1. Find out how many positive minus negative residues lie around His122, taking Lys and Arg as positive, Asp and Glu as negative, among other residues whose Cβ is under 12 Å from that of His122.
2. Starting from the Cα of Lys84, draw a straight line to each of the lysines and keep only those under 25 Å, dropping any in the same chain fewer than 8 residues away.
3. Dipole of the chain, Cα-centred, from +1 at each Lys and Arg C-beta and -1 at each Asp and Glu C-beta, to the nearest 20 debye?
4. Size of the dipole of segment 138-219 about the Cα centre, Lys and Arg at +1 and Asp and Glu at -1 on the beta carbon, nothing else charged, in debye to 20?
5. Restricting to bridges with both residues inside segment 41-185, how much of the DSSP beta-bridge set is antiparallel, in percent to the nearest 5?
6. Using alpha carbon centroids, what distance separates segment 273-349 and segment 1-56, in Å?
7. So for each of 164-177, 265-278 I average, over its residues, the number of other beta carbons within 10 Å; can you give me the resulting order with the highest mean first?
8. Asn337 versus Asn325, label points 7 Å from Cα toward the beta carbon: distance in nm?
Amino acid sequence: MPKVILISQIPLPYSHIGSWTTLYHNYLSKNHSIDFIVCEEPESRYAEIEYGIVANYNLQKFQNKFSKNKYLEYFKVLEKILIKEDQFIIQIIDNFGIVEPLIDFLKVKKKRDKCYLQFFYHGFSPYYENFSGRWFFEGIDEMVVLTKDSYKAHKAYYTILPTKFSVLHNGIDTLKFHKVSIEEKENLKKELEITHKKVFIWCSQDRPKKGLDFILDVWKRIDKKENDAILLVIGANRDLKIDGVSFLGRIPNNDLPKYYQIADCYLFPTLWHEGFGLSLIEALHCGCYCIASENGGVPEVLQYGKYGKLIENPNFIEEWCDAINSFLGGDEVNYTNIPETLYSMENWNDGMNIIINNAKKNLI
């Protein structure tokens, strides 16, 4: 039976916050199908998984001066694993740079036909130019994307797309991120000293493409009903004073649910083709009404407006003002509670195992 190798540029388990590392942590802690992990030495290891430890970054950097292959240490470790079995599924996550040298390495070792390469892509838009990227899709065996819309974007862009595709939506821990009762919500508001206000939340990394500056401009223009609304900004700590805006800086991941749970509306003004939007589904599961840019994979996540308001032209301030004012005025319609199992980690785990099992059928 083929064995599964996960090649990671990040040590796993990963001690910091990260979307795909969190998903893999949940998966690798339960009923998973991974046999080997190739990565730098982590702070701890998953039980019953064999590790191939790659030399740390500084040592690799030194050795790279004398080698044209910056993944040389990965391949040294990988070679020792490939000797153990005859067939392998190799998973790569967002690391486009390793693909070409990995294919060359497997061909030299006469193992290419014994290995099934799965590439997991957490972006949305096509990564390579149309014709210059054909080698990539001819070289891998399967591309796993976050949404079907991402696949459609690839299909529309590339004249030739010679590989299999699968879709694996992101998932969250619905035991942490869930809706609370009205009474619990009010108690949480009192705990955080936020009462008698409509609570809006923006939560992300403070990067231009995430739209914080844009939404702050929107906030200055909306009708806040005599200070009846407050915007909590999580993940950014600006030295600014804006009426009705509170900058909370970085919040530990375990504390995030209560902020979503006290919120009435989640703002997701992404200004790029977002792959999926993990914070968006966290907010959805906590009962937030969501107003989000119609960019990238976001429309599919919100099921094209079923689970929130999509801003068709997210770079136009007026459309955001209208949507937020409409919400403040109680005019929002067609809001449906999200099913408990939708975008859950359990579904992600099951989906990953299905993808791996299907890949094994291609080797057997």
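What follows is calculated from the coordinates using simple rules that are stated; it is not laboratory data. Bear in mind the structure is a predicted one, so any value in this text is a computation, not a measurement. For neighbour counting, all protein chains shown are included, and Cβ atoms are generated from backbone atoms with ideal geometry for every residue, glycine included.
1. On the way: positive: none; negative: Asp94, Glu274.
Here the charged neighbours net out to -2.
2. Lys3, Lys30, Lys70, Lys76, Lys107, Lys109, Lys110, Lys111, Lys114, Lys360, Lys361
3. Details: 43 positive and 48 negative charges, 267 e Å.
For the chain, the charge dipole is close to 1280 debye.
4. Working: 14 positive and 13 negative charges, 48 e Å.
Dipole about the Cα centre, nearest 20: 240 debye.
5. Details: 0 of 13 bridges.
Among the beta bridges of segment 41-185, antiparallel pairing accounts for roughly 0 percent.
6. Measuring centre to centre over Cα atoms gives 32 Å.
7. 265-278, 164-177
8. Taking the two extended label points, one gets 3.2 nm.
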